[in-house]
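The structure appears below as C-alpha cells.
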Amino acid sequence: ETGVTQTPRHLVMGMTNKKSLKCEQHLGHNAMYWYKQSAKKPLELMFVYNFKEQTENNSVPSRFSPECPNSSHLFLHLHTLQPEDSALYLCASSQDRRQKGEKLFFGSGTQLSVL
Amino acid sequence: QQQVKQSPQSLIVQKGGISIINCAYENTAFDYFPWYQQFPGKGPALLIAIRPDVSEKKEGRFTISFNKSAKQFSLHIMDSQPGDSATYFCAASRRAGNTGKLIFGQGTTLQVKP
C-alpha cells in the first residue's frame, strides 16, 4: 500500500456519460498529479496541483476536468469522452514542488474503458 | 528534445541472469534520473534514482550506470529473480522548478523465467 488510494479501480462508460475519478493520499503531501498510461506508450502527465493550486495543464482536452478541494483529495471529472481516452489513469502525490527531485507515490490507478 | 527513449520493449531473462535496460535522453538540462517498477494491477513505484554527479549507483541487486557524455543511463538487475518480473520505466526531470514533471520512457516488460 503506497498511501495513495484511487476509486473506482475499473470504470466502463459510454461516450455521453459523466463520471468522476477519485484520489486520496494519506501521506501528508502537498502536490498531486494525474497521469495517463496507455498501452505501449510512456506515462503522460496530465495535471499537477501544488497546495491545491493547478500548476500544470499538459494540453489536456477540456473533456477532462480536474478538481483539488484540498491537499489530500484530487478528482478527475470526465464527460463526453472518446474511445481513445480508454487507458489507466494514475494519481500520484509528492512532498511539494520545491523538493528537488521528489519521489512520486502512485496509486493503483483506474482502468477506464470508453465504449 | 523532451523525449526519453527506452529499450528494449520487452526482455526475457533466465533466473540468476543479468537484466539490462537502456535509456537515452536529449535534454542536457535533465539532472534527475529515476527508475520505476510497476507490477500488474499496481501503480509504478520508485526503485532507484541517480543524479549526474555520479556514474553509478547500487542498491542491492539493482544498479544504475550513468554516462553523461553519451546522455545514456541503464538499469542492471543482477541475479534476476522471477519476482523481478514487472514493467520498468526510466524517467528524467530537471531539479530547478521541478513540479514532478517526469518524462517517462516507453517501458520495458521484463520476464524472468525460473
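Tabulated values for the structure
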item	result
Residue match in segment A:68-85 (condition: modelled with pLDDT under 95 and in contact with a Gly (Cβ under 7 Å, 6 or more places away or on another chain))	no
Looking only at segment A:15-42, and only at residues there that are at pLDDT below 90 and loosely packed, with under 13 Cβ neighbours inside 10 Å, the one that is nearest to A:Gln54 (Cα to Cα)	A:Lys41
Single unsatisfied condition, A:Asp85 versus (1) within 14 Å of another protein chain (Cβ to nearest Cβ); (2) touching a Phe, Trp or Tyr at 6+ places or on another chain (Cβ under 9 Å)	(1)
Inter-residue pairs, beta-carbon under 7 Å, first at positive phi and in segment B:35-58, second crowded, with 17+ Cβ neighbours inside 10 Å and outside any strand (DSSP E or B), 6+ apart	B:Gly41/A:Ser108
Residue match in segment B:24-37 (condition: under 13 Å from the mean Cα position of the chain (by Cα) and either surrounded by fewer than 18 Cβ atoms within 10 Å (Cβ to Cβ) or of a type in the set (A, V, I, L, M) (or both))	yes
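The values are calculated or read from the model by the stated rules, or taken from the named source; none is laboratory data. A quick note: this is a predicted structure, and the numbers were derived from the prediction, not measured. Every residue, glycine among them, receives a Cβ derived from its backbone with ideal geometry; neighbour counts consider all protein chains shown.
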